[in-house]
1. Could you please find all residues in segment 456-472 being touching a helix residue (DSSP H, G or I) at 6+ places or on another chain (Cβ under 8 Å) and exposed (fewer than 11 other Cβ atoms within 10 Å of the Cβ)?
2. Of all residues being within 26 Å of TRP249 (Cβ to Cβ) and surrounded by 22 or more Cβ atoms within 10 Å (Cβ to Cβ) in segment 107-122, which is farthest from the ligand (Cβ to nearest atom)? Just the residue, please.
3. So if I check each of ARG247, ARG310, which one is closer than 24 Å to THR78 by Cα and not aromatic (Phe, Trp, Tyr)?
4. If you go through segment 36-55 one residue at a time, do you hit one that is at pLDDT below 80 and of a type in the set (A, V, I, L, M)?
5. LEU155 - would you say it is more than 16 Å from the ligand (Cβ to nearest atom) and touching a Phe, Trp or Tyr at 6+ places or on another chain (Cβ under 8 Å)?
6. So, PHE458, is that one in contact with a Pro (Cβ under 7 Å, 6 or more places away or on another chain), farther than 30 Å from ALA46 by Cα and either part of a helix (DSSP H, G or I) or charged (D, E, K, R) (or both) or not?
7. Scan segment 60-82 for residues that are assigned to a helix (DSSP H, G or I) and either farther than 15 Å from ALA179 by Cβ or more than 14 Å from the ligand (Cβ to nearest atom) (or both) and report the count.
8. Do we have any residue at all in segment 221-232 that's within 16 Å of the ligand (Cβ to nearest atom) and touching a helix residue (DSSP H, G or I) at 6+ places or on another chain (Cβ under 9 Å)?
Amino acid sequence: MDSPAQAPVPNPQALEGDGLGCHSGAQALREAAASAGKSDTLARYAADYPQGPHDQPQSMCPAFGSLRVGLRMRRTQTILSGSACCVYGLTFTSHFYGARRSVGYVPFNSETLVTGKLFEDIREAVHAQADPAQFDAIVIINLCVPTASGVPLQLLPREINGVRIIGIDVPGFGVPTHAEAKDVLAGAMLKFARGEIAAGPVQAPRAGRADKPTVALIGEVFPADPVGIGMMLDPLGLAAGPVVPTREWRELYAALDCRVAAALHPFYTASVREFEAAGRPVVGSAPVGHDGTEAWLQAVGSAAGVAQARIDDAKNRFLPAIRAALQRTPIQGRITLSGYEGSELLVARLLVESGADLRYVGSACPATPWSQADREWLESRGVLVRFRASLEDDLAAMREFKPDLAVGTTPVVQAAKQAGIPALYFTNLISARPLMGPAGAGSLATVINTAIANKARFDDMKAFFGDVGHGHASGVWEGVPQDRPEFREHTRRQVIKLQKKLKSEEMI
Ligand code: SF4
């Protein structure tokens with residue numbers, strides 16, 4: 001057994017000052033992590049997930065993406081190592097989203113962190129959990145503070161009793177969105193599985209190997225979408241392969257066994273790297289709407305070496321049905337769209353093809369080669385496309401374009417409703433619908449048109465409530481709310497003083 005002294009020395013500075021969380025100190029945490037031996041990991045994340053105008057998450061904790069991927073896999077145990085408040089938030093969110101599994105947690109305090117005992121506790125926890133009768137894999141996720149402190153998960157054994165141990169760092173100061181954190185774990189698992197394939201025979205898929213060459217689908221799509229995609233691939237002599245992130249370890253082998261990998265969601269940079277390393281061509285965009293489906297069938301067919309006549313046959317079978325569905329369910333109205341799921345540009349294409357006057361699409365995810373075609377298609381139709389969009393970008397677009405409907409993240413929806421603009425939450429109401437092929441065409445129209453038609457209700461509410469509950473009068477009061485400008489002024493002076501103090505400390 002390694003002693004704590006054999007592990008790289010953790011960095012106690014990570015616990016100092018107010019640099020403990022995503023609310024502040026990202027640069028300090030990044031520097032701490034680098035000096036604690038995590039430079040390579042951070043450099044890879046910086047290349048895979050380039051930062052945008054802001055250097056810290058503006059949505060939920062990024063680690064939720066990795067946690068969710070682990071929790072959705074069969075025979076997989078997921079353990080968090082991080083501050084109790086972060087773990088509380090992450091477990092709350094995962095159970096809110098229907099996880100039916102316990103989340104493992106290795107707690108720490110400043111003593112176990114700085115002495116290296118935390119690493120020993122983690123190792124003890126994975127040994128205790130590594131029961132091959134229950135698990136194929138154990139995922140252990142370092143959150144911000146253990147990453148900044150250099151807790152060396154790479155020193156954990158690769159396997160214990162045949163149970164794979166996957167240790168990953170998912171700090172908010174290195175992985176900007178929860179979408180990209182899904183890729184961190186999916187990529188790590190694909191890499192591990194690729195190594196197993198290279199070493200010898202591996203388990204076949206539960207339902208046996210497909211009798212046709214497959215197209216692996218990268219991205220968490222609506223459950224009906226792979227079925228629809230499979231129908232469109234059939235005339236090409238291809239079948240839909242597993243969806244990555246997979247729901248079971250051995251699906252990783254089947255995914256890597258594909259003929260072509262389709263990056264339906266474009267931010268899976270590490271996963272794409274593994275498919276490319278396995279010699280699989282990767283195509284971008286997705287079969288959304290008429291034009292998107294046409295281009296996607298062509299790209300997949302060409303990458304798989306399918307004869308042009310068969311590709312044309314598939315197009316002739318499905319494109320007229322898609323066009324008809326789009327025309328049957330038109331969307332009328334001006335829309336701005338933003339989100340952090342990474343599928344925003346695909347939804348944007350569907351909206352435009354449905355007739356919507358879409359002015360802006362913002363995605364918290366970065367531009368990648370696999371979203372390039374979507375970006376060009378949208379920009380050629382006058383849509384302003386913003387990658388790594390900040391909340392401020394999204395709000396500015398809403399104010400600028402004055403839409404009939406704002407589709408966006410929670411704070412955008414809140415701001416829109418406050419302004420009397422109908423709004424829909426992208427994650428729950430828009431991205432959780434079929435988007436691909438004939439089933440996707442027209443799936444958005446009812447919810448969008450109904451929301452736009454609600455404008456009059458917003459006007460009525462605004463007229464009824466007037467200025468009640470605005471500004472200093474927000475909240476629940478027993479008496480008449482009193483404005484206290486002197487309190488605000490006092491706080492403002494305190495903040496300026498604190499900023500000056502921090503600045504002068506930086507210069508020392
Ligand atoms: S782990 Fe998540 S919640 Fe905790 S500090 Fe980091 S980004 Fe914030």
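The values are calculated or read from the model by the stated rules, or taken from the named source; none is laboratory data. Since we're looking at a predicted model, the values are computed, not measured. When we count neighbours, we look across all protein chains shown, and the Cβ atoms used for this are built from the backbone with ideal geometry, even at glycine.
1. Start the filter on segment 456-472 by keeping residues that are touching a helix residue (DSSP H, G or I) at 6+ places or on another chain (Cβ under 8 Å), which leaves 458, 467.
Correct list: ASP467 only.
2. We begin by selecting, within segment 107-122, every residue within 26 Å of TRP249 (Cβ to Cβ); these are 119, 121-122.
Checking the rest, the ones that are also surrounded by 22 or more Cβ atoms within 10 Å (Cβ to Cβ) come to 119, 122.
Working: PHE119: 18, ILE122: 16 Å.
Checked segment 107-122; the qualifying residue farthest from the ligand (Cβ to nearest atom) is PHE119.
3. Numbers: ARG310 fails: closer than 24 Å to THR78 by Cα.
Selected residue: ARG247, the only one of ARG247, ARG310 that is closer than 24 Å to THR78 by Cα and not aromatic (Phe, Trp, Tyr).
4. For segment 36-55, residues at pLDDT below 80 and of a type in the set (A, V, I, L, M): present.
5. Numbers: more than 16 Å from the ligand (Cβ to nearest atom): yes; touching a Phe, Trp or Tyr at 6+ places or on another chain (Cβ under 8 Å): yes.
Yes: the conditions hold for LEU155.
6. Values: in contact with a Pro (Cβ under 7 Å, 6 or more places away or on another chain): yes; farther than 30 Å from ALA46 by Cα: yes; either part of a helix (DSSP H, G or I) or charged (D, E, K, R) (or both): yes.
The answer is yes for PHE458.
7. Of the residues in segment 60-82, the ones assigned to a helix (DSSP H, G or I) are 63-71.
Now restrict to residues that are either farther than 15 Å from ALA179 by Cβ or more than 14 Å from the ligand (Cβ to nearest atom) (or both): 69-71.
The number of residues fulfilling the criteria is 3.
8. The initial filter retains those residues of segment 221-232 that are within 16 Å of the ligand (Cβ to nearest atom), namely none.
No: zero hits.
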